[in-house]
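Q: Submitted below is the structure of interest, expressed as structure tokens.
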Amino acid sequence: MSHIDGSNAASHARAARLAGEPAADPRDRGGLRQPLLIARGLRKRFAVRGGLFGRTMAHVHAVDGVSFSIAKGETLGVVGESGCGKSTLARLLMRLVEPDAGELIFDGEAVGERTGLTLGELRKNVQMVFQDSSASLNPRMSVAESIAYGMRVHGATRDAARQTAHTLLEQVGLRAALFAARYPHELSGGQKQRVNIARALALNPRLLILDEAVSALDKSVEAQVLMLLRALKAQLNLTYLFISHDLHVVRYVSDRVLVMYLGEIVEIGPADDVYRNPGHPYTRALFGCQLDTDPRRRIAEAPLAGDPPNPVDPPPGCRFHPRCPYAEHVCTTRVPSLGDALAAPLHAVACHMHDAASAHTRAGDPPAGMPHAFRADGDASDARRPPDLLRS
């Protein structure tokens with residue numbers, strides 16, 4: 001399917017929004033209510049080798065039993081500390097890294113199964129924008145050549161690929177007459193990331209994975225790129241998986257939020273729900289670490305101190321218990337259940353305090369209230385205000 005076919009998807013999406021229904025898409029396989037992507041039990045461990053013969057000494061638990069779904073047309077934000085497995089998860093979804101266990105279902109079809117979706121078909125439907133905009137571009141290829149390359153690999157003629165590349169440049173806000181013949185070293189950081197977005201759109205994907213796509217940009221350029229992503233989502237009927245450390249940005253762009261810690265999901269739910277009423281102690285501490293310029297909301301010490309445990313030897317039970325102020329014996333021996341993380345509207349929390357049947361003394365009665373940085377009595381309009389206007 002060529003990129004120009006995306007205009008049909010956009011017109012269907014606009015009509016559906018006007019009718020108050022989920023956006024229809026002529027590329028749809030499983031129906032409007034079928035999640036676009038389902039990840040079930042994804043696991044990836046990397047071998048740590050050593051010794052004279054390079055034997056496997058241990059394994060890094062990068063992603064451990066992760067399950068979730070992404071609805072068509074939504075933006076799922078993924079947050080967590082560095083090293084929690086966010087980028088590995090993104091690469092597992094793209095099959096840039098092969099999982100050790102688990103399955104991936106795209107629009108009702110299992111990926112890699114004999115009667116399901118092939119890897120080539122998955123790559124046409126799922127594309128990725130990486131954090132390092134410079135390293136993502138071939139320095140020996142012009143902007144137009146970089147955008148056209150994927151289309152040429154999938155059988156497009158040189159002229160058709162070049163024409164589509166010029167159209168995409170205009171679509172991401174770069175004049176083709178000025179930028180098509182330039183090379184990466186002649187572009188600013190924001191321009192490079194726009195080129196990467198154009199390249200990701202070249203095969204007319206349905207899902208974009210954005211791995212820290214705006215974190216290296218200054219605030220004004222970041223806001224411009226976020227506005228661009230928001231407009232493209234509406235025009236092309238896209239679905240986003242948005243990975244970022246910037247909690248303000250995640251709140252601004254996301255419909256739902258997934259919180260990872262040490263390779264596992266600890267909380268997932270609607271963005272407003274998670275930000276106004278975070279259930280897991282890690283989520284509360286993470287949000288509380290956001291600095292505020294309001295002197296009445298300044299904190300004397302960080303709510304979350306120290307580093308996560310070694311992923312080579314994660315602690316038993318709840319992996320957050322060595323840093324949790326509410327940890328009890330049950331937290332050190334039993335792994336808390338997240339519940340049905342595949343139920344999209346659900347706000348699920350993997351914590352014994354949210355399990356009335358657990359032996360925790362606060363079972364069924366978790367701490368209430370918000371960390372100071374995201375208090376519910378704050379300005380609610382902040383949630384959808386452009387990130388460059390948010391308090392830092």
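The values are calculated or read from the model by the stated rules, or taken from the named source; none is laboratory data. Predicted model, so just to flag it, every value in this text is computed and none were measured. Cβ sites come from the backbone with ideal geometry, for glycine too, and all protein chains shown count toward neighbours.
Yes or no, residue by residue, for (1) in contact with a strand residue (DSSP E or B) (Cβ under 9 Å, 6 or more places away or on another chain); (2) surrounded by fewer than 16 Cβ atoms within 10 Å (Cβ to Cβ); (3) modelled with pLDDT under 90; (4) not in a loop (DSSP other than H, G, I, E, B):
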{"position": "E113", "(1), (2), (3), (4)": "yes, yes, yes, no"}
{"position": "M128", "(1), (2), (3), (4)": "yes, no, no, yes"}
{"position": "Q131", "(1), (2), (3), (4)": "yes, no, yes, no"}
{"position": "A144", "(1), (2), (3), (4)": "no, no, no, yes"}
{"position": "I147", "(1), (2), (3), (4)": "no, no, no, yes"}
{"position": "A156", "(1), (2), (3), (4)": "no, no, no, no"}
{"position": "A160", "(1), (2), (3), (4)": "no, no, no, yes"}
{"position": "A165", "(1), (2), (3), (4)": "no, no, no, yes"}
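Q: Given the structure, is R182 of a type in the set (K, R) and assigned to a loop (DSSP other than H, G, I, E, B)?
A: So R182 fits the description; yes.
Q: Is it the case, given these coordinates, that L122 is crowded, with 18+ Cβ neighbours inside 10 Å and part of a helix (DSSP H, G or I)?
A: Working: crowded, with 18+ Cβ neighbours inside 10 Å: yes; part of a helix (DSSP H, G or I): yes.
When the stated conditions are applied, L122 passes them.
Q: Check P345, P316, P278 and return the single one that is modelled with pLDDT under 90, farther than 20 Å from S87 by Cα and part of a loop (DSSP other than H, G, I, E, B). Walk me through how you get there before you give the answer.
A: On the way: P316 fails: modelled with pLDDT under 90; P278 fails: modelled with pLDDT under 90.
Going through P345, P316, P278 in turn, just one is modelled with pLDDT under 90, farther than 20 Å from S87 by Cα and part of a loop (DSSP other than H, G, I, E, B): P345.
Q: Further question on the same structure: Has the stretch 161-174 got at least one residue that is more than 14 Å from the chain's Cα centre (by Cα), closer than 21 Å to S136 by Cβ and basic (K, R)?
A: The answer is yes; a qualifying residue exists.
Q: Check off (1) in a loop (DSSP other than H, G, I, E, B); (2) under 27 Å from R33 (Cα atoms); (3) of a type outside the set (S, T, N, Q) for D273 and give me the number that stays unchecked.
A: Single failed check for D273: (1).
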